[in-house]
Amino acid sequence: MMNENVLNKLKILAESAKYDVSCSSSGTVRANKQGTLGNTVGGFGICHSFAEDGRCISLLKIMLTNYCIYDCAYCINRRSNDLPRATFSVTELVNLTIEFYRRNYIEGLFLSSGVVRNPDYTMERLVRVVKDLRTIHRFNGYIHLKSIPGASRELIHEAGLYADRLSVNVEISDETHLKRLAPEKDHQSVFAPMSYIQQGVLENKEDRQRYRYAPRFAPAGQSTQMIVGATPDTDQAILSLSSLLYQGPTMRRVYYSGYISVNAYDKRLPALKQPPLVRENRLYQADWLMRFYQFKVDEIVDDAYPHLDLEVDPKLAWALRHPEYFPVDVNKADYEVILRVPGIGVKSARLIVASRRFSKLGFYQLKKIGVVMKKAQYFITCHELPMQTINELTPQRVRSLLVTKPKKRVDEHQLAFPFYDEMLGTTSAPVTEEVTPTLFLE
Ligand code: SF4
């Protein structure tokens, strides 16, 4: 039976934690062992379930405390907000996690915290929670621990011995904008813990090569989160930073969180009626292009196009800007070239290369392989005579054929920052339809 006091804390601290989106859990596989509680399943990502608003909820997503000495403008838990506050003791949180796990409510823990006293004081408590879970309760489920910006190397190192994944949120890609909204933070306080995590993982890899049973350090690597739409940071700035972070061998995911207007009274922030979900979705798609489609960041956004096209996905946008690359002969072109064709995903590209060794591929075979011919037809030639490609039709015509006319036109950039154009010296960004965000990208 759960103590009422703990239940109240749970309500407050789960509510306070819900705005953090970086809680996907894939990345670790750990079997159940005798004497331990639970297991961690990789691949499918045991904790991938999403609430109505698209946020992941299947981990116990909780804060140790929502008290905070900082006053970050974009955060619901900032010290100047008058809201119910609570703090779990280490034992309360450990027992709660174990209880939820035993009842099969959760498959892991996503733990973050406001900053109390100072970063190390807070981090030390977070570490105690995960340490007790692992060492006293033999908890073997997934743990994602948010490290506190500015925490020391020693505490980060200890955290890595018990957590599957560690993360430190960048929040805002441009440091000047970050300091304007969160004066107590800077990039150094985020990048330093990130480098400690990286060092820990790499050293651990060497240790495990020498000694098989050396304890693992943050086996699911690290992730981070950037808020989108709270500042005038361009998609170019955001994606350039992501690209840089992905060059580190331990950065697994950058999450993009459309800014939710939780502190509308703060005039430093844009007055958004709804989070920029289409933009958030386009950033995820661009992120996929960088990670799985061999795109460089400056092929997706550059000085001439600092923002992603909200009307079409970034791969199609790139193809429309580069008709000279097309049409691609799917029966001859290299895998990397085929991968760039709109309508062809990683799986289809692999299947094309494997299947064409046996027979020439035509429209029917490509459709069977899973190619979205509605899109791809303007960019390829195949066994049959080519239909009209982008070069005969012009990019504008292809665009109009592929974009469904929006009922309601919203320009998220313009809504958020009416002064964008002036700042960027560009004409109006294209209008966009409000679509349900999807990560589907071909
Ligand atoms: S430090 Fe974290 S919890 Fe505290 S105000 Fe800033 S974002 Fe919110």
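The values are calculated or read from the model by the stated rules, or taken from the named source; none is laboratory data. Keep in mind that this is a model prediction, so the values were computed, not measured. Here Cβ is always computed from backbone atoms with ideal geometry, including for glycine, and neighbour counts include all displayed protein chains. For the accessible areas, the whole protein counts, side chains as well, though only heavy atoms, and no ligand, DNA or RNA atoms are used. Shrake-Rupley method; radii C 1.70, N 1.55, O 1.52, S 1.80 Å.
The residues listed here are 244, 269; of these, the one that is in contact with a helix residue (DSSP H, G or I) (Cβ under 9 Å, 6 or more places away or on another chain), open to solvent by 80 Å² or more (accessible area, probe 1.4 Å) and not acidic (Asp, Glu) is 244. In the set 317, 304, only one residue is out of contact with any helix residue (DSSP H, G or I) (no Cβ under 6 Å at 6 or more places or on another chain) and at pLDDT 95 or above; that residue is 317.
Do we find that residue 33 is closer than 18 Å to residue 135 by Cα, modelled with pLDDT under 95 and not in a helix (DSSP H, G or I) in this structure?
Judged against the criteria, residue 33 is a match.
In the stretch 90-113, which residue that is open to solvent by 50 Å² or more (accessible area, probe 1.4 Å), assigned to a loop (DSSP other than H, G, I, E, B) and at negative phi is farthest from the ligand (Cβ to nearest atom)?
Pass one, the stretch 90-113, residues open to solvent by 50 Å² or more (accessible area, probe 1.4 Å): 91, 95, 99, 102-105, 107.
When the remaining residues are screened for being assigned to a loop (DSSP other than H, G, I, E, B), the result is 103-105, 107.
Next cut, at negative phi only: 103, 105, 107.
Values: 103: 29, 105: 25, 107: 25 Å.
Out of the qualifying residues, it is 103.
Determine whether residue 367 is over 25 Å from residue 397 (Cβ atoms) and open to solvent by 30 Å² or more (accessible area, probe 1.4 Å). Criteria not met by residue 367. Take the conditions open to solvent by less than 50 Å² (accessible area, probe 1.4 Å), in contact with a strand residue (DSSP E or B) (Cβ under 8 Å, 6 or more places away or on another chain) and in the same structural domain as residue 169 (by TED's automatic domain parsing) and apply them to residue 262. Does it pass? Against the criterion (open to solvent by less than 50 Å² (accessible area, probe 1.4 Å), in contact with a strand residue (DSSP E or B) (Cβ under 8 Å, 6 or more places away or on another chain) and in the same structural domain as residue 169 (by TED's automatic domain parsing)), residue 262 does not qualify. Residues that are touching a residue at least 60 places away in the same chain (Cβ under 8 Å) and part of a loop (DSSP other than H, G, I, E, B) do not occur anywhere in the stretch 235-251. Residues in the stretch 205-225 that are open to solvent by less than 30 Å² (accessible area, probe 1.4 Å) and in contact (Cβ under 8 Å) with a residue 24 or more places away in the chain: 217, 218, 219, 220, 221, 222, 223, 224, 225. Assessment of the stretch 138-156 against the conditions (part of a loop (DSSP other than H, G, I, E, B), within 19 Å of residue 214 (Cα to Cα), under 25 Å from the mean Cα position of the chain (by Cα) and at pLDDT 95 or above) yields no matching residue. The set of residues in the stretch 181-190 being within 13 Å of the ligand (Cβ to nearest atom), farther than 20 Å from residue 253 by Cβ and either outside any loop (DSSP other than H, G, I, E, B) or open to solvent by 10 Å² or more (accessible area, probe 1.4 Å) (or both) consists of 181, 183, 184, 185, 186, 189. Scanning the stretch 289-311 for residues that are touching a Leu at 6+ places or on another chain (Cβ under 7 Å) and over 15 Å from residue 236 (Cα atoms), we see that the one that is least open to solvent (accessible area, probe 1.4 Å) is 293. As a summary of the residue check, residue 58 satisfies the conditions (1) in contact with a Gly (Cβ under 6 Å, 6 or more places away or on another chain); (2) of a type in the set (Ser, Thr, Tyr); (3) modelled with pLDDT under 95 except for the one numbered (1). Inside the stretch 387-401, residues that are within 16 Å of residue 324 (Cα to Cα), assigned to a loop (DSSP other than H, G, I, E, B) and open to solvent by 30 Å² or more (accessible area, probe 1.4 Å) make up a count of 2. Tell me yes or no: at least one residue of the stretch 164-180 is within 16 Å of the ligand (Cβ to nearest atom), part of a helix (DSSP H, G or I) and open to solvent by less than 10 Å² (accessible area, probe 1.4 Å). Yes, that holds for at least one residue. The set of residues in the stretch 127-142 that are of a type in the set (A, V, I, L, M, F, W, C) and either outside the structural domain of residue 98 (by TED's automatic domain parsing) or open to solvent by 40 Å² or more (accessible area, probe 1.4 Å) (or both) contains only 136.
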